[in-house]
């Protein structure tokens with residue numbers, strides 16, 4: 001995924017109501033940006049954080065520029081904008097970067113039979129269909145462990161949907177789109193939401209597949225290309241695991 005135009009650098013001053021941020025430009029002027037991520041985005045919204053934003057080119061019509069990237073932990077880049085997650089996964093599928101889903105392409109988004117929403121429908125050669133839910137991952141500790149969820153309740157309903165789809169006989173995949181350059185492994189955040197970790201382990205036991213891929217991020221282009229392991233307690237789910 002390439003940005004349509006060069007991003008502009010700024011310094012974060014304050015976040016308001018989760019969807020607006022004040023920033024200072026290099027010329028010391030201030031500007032209000034739209035924050036497309038309404039989550040906690042821990043580590044990213046700290047005063048003085050170096051950020052980059054995309055220009056809407058429509059300010060006269062009331063459209064704000066959009067916060068895209070943040071620099072955390074001394075140099076790692078984080079893609080703050082969760083609206084790019086589906087695009088990154090689609091591009092990776094089209095380029096054949098994800099061997100576990102080789103040959104799949106998106107057929108339809110957000111339409112699921114008999115269960116909830118937020119799952120993407122994939123199909124390959126009309127002989128196998130797969131339902132997949134995509135979760136952006138942005139939070140890391142100093143040991144380069146990524147964590148999900150960032151807040152209680154995140155992702156729970158999607159897990160229940162995936163379990164239901166698997167029990168209906170479909171292939172079901174939970175895909176973690178890791179939008180942080182420094183994350184090496186992914187863990188469930190049992191301190192924040194122990195219920196999520198419990199349901200995730202239940203989903204795995206019932207055959208829901210877990211994949212996690214990290215994006216390579218810079219100010220011009222983002223590519224989802226590096227598989228990373230998901231750690232559940234003492235167990236490691238390999239990026240190449242598949243349940244039938």
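Since every read-out is calculated from the coordinates, none of them should be taken as a lab result. As the structure is a computational prediction, the values presented were derived from the model and not from experiment. Here the Cβ is made from the backbone with ideal geometry for all residues, glycine too, and neighbour counts use every protein chain on show.
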Checklist entry - Which residues, counting only those in segment 171-188, are crowded, with 17+ Cβ neighbours inside 10 Å and in a loop (DSSP other than H, G, I, E, B)? => result 179, 181, 182, 183
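Specify the residue that is farthest from residue 83 (Cα to Cα); the eligible residues are those in segment 146-170 that are without any contact (Cβ under 8 Å) to a residue 60 or more places away in the chain and in a strand (DSSP E or B). Walk me through how you get there before you give the answer.
First, the residues of segment 146-170 that are without any contact (Cβ under 8 Å) to a residue 60 or more places away in the chain: 147-149, 152-153, 155-170.
Filter once more, so that each one left must be in a strand (DSSP E or B): 147-148.
Details: 147: 19, 148: 17 Å.
Top of the filtered list is 147.
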Next on the checklist: Quick check on segment 10-22: of everything there that is over 22 Å from the mean Cα position of the chain (by Cα) and surrounded by 14 or more Cβ atoms within 10 Å (Cβ to Cβ), which residue is nearest to residue 38 (Cα to Cα)?
Outcome noted: 22
